[in-house]
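The values are calculated or read from the model by the stated rules, or taken from the named source; none is laboratory data. Keep in mind the model is a prediction, meaning the values are calculated, not measured. Note: areas computed on protein heavy atoms with side chains; ligands, DNA, RNA excluded. Shrake-Rupley method; radii C 1.70, N 1.55, O 1.52, S 1.80 Å.
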Amino acid sequence: MLIAIIAISFAALFFRKAQSTHPLVAAGLRLSIAAAILWPFTARSVVTAQRSFLLTGALCGVFYAVHFGA
């Protein structure tokens, strides 16, 4: 929760720096940074997760990407 609060606090700085880039590039960069920061905390649960759970999460990510691309 603390990491999420810190990330939201720095969001305005990232928006200001990313004004000259395409919105899809900026969104992808923000999601990549968030995934890289959160990966160490979730790596153990991803290894032990069920296959259907991982496929559902991947499908949600695809729909999220389509949402930004539309």
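Summary of computed values
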read-out	value
C-alpha long axis of helix 23-48 to longest principal axis of the chain, angle in °	30
Theoretical gain in end-to-end length, Phe53 to Leu13 [0.36 nm per residue, Cα-Cα removed]	11.0 nm
Surface per residue (accessible, 1.4 Å probe) for the chain, Å²	88
MRE, 222 nm, helices only [DSSP H, n ≥ 4, -39500 (n - 2.57), over the chain, to nearest 500]	-28000 deg cm²/dmol
Reported label for calculated log10 I(q)/I(0) by the Debye sum over Cα atoms at q = 0.11, 0.25 Å⁻¹ given [x] -0.38, -0.99; [y] -0.32, -1.04; [z] -0.36, -1.20	[z]
Protein accessible area in the range 1-56, 1.4 Å probe - carbon and sulfur %	73
